[in-house]
Amino acid sequence: MRPSRIKPGTELNIQMWGGGTRTAYFVQREATKGPMPAVNYLRFPSFDGQNGPGDDGMCVMDDYELSRRGEYANRRKTDG
């Protein structure tokens, strides 16, 4: 997966650290600024409200993490 090619609103499956996957929606990508890596904003509906009523489940991932942990939700893995 190339994070620079993901369009806003795309549904993704993200592998979590403890195992399993969660559904997230891609919001936006901020390109590299000097030595800082590019930043991707993802919204996880399952995280809504965990940090109070105003929390919308927004999380941040850099390109490396997203390319390793993310996959498009509408693509299915095939055996073999």
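Per residue, region 11-80 exposes an accessible area of 72 Å² to a 1.4 Å probe, with every protein chain left in place. Couplings 3J(HN,Hα) of region 46-59, computed from phi: 6, 9, 4, x, 5, 10, x, x, x, 6, 9, x, 7, 10 Hz, in residue order, whole Hz [Karplus 6.51 cos²θ - 1.76 cosθ + 1.60, θ = phi - 60°; x for Gly and Pro].
Given their separation in residues at 0.36 nm each and the Cα-Cα distance between them, Tyr64 and Met36 gain 8.8 nm when the chain is fully extended.
With only Cα atoms counted, the chain has Rg and Dmax values of 13.3, 45 Å. Taking the accessible area of the chain, probe 1.4 Å, and keeping the other protein chains in place, the carbon and sulfur fraction comes to 47%.
The values are calculated or read from the model by the stated rules, or taken from the named source; none is laboratory data. Predicted model, so just to flag it, every value in this text is computed and none were measured. To get the accessible areas, we keep the full protein, side chains included, count just its heavy atoms, and leave off ligands, DNA and RNA. Shrake-Rupley method; radii C 1.70, N 1.55, O 1.52, S 1.80 Å.
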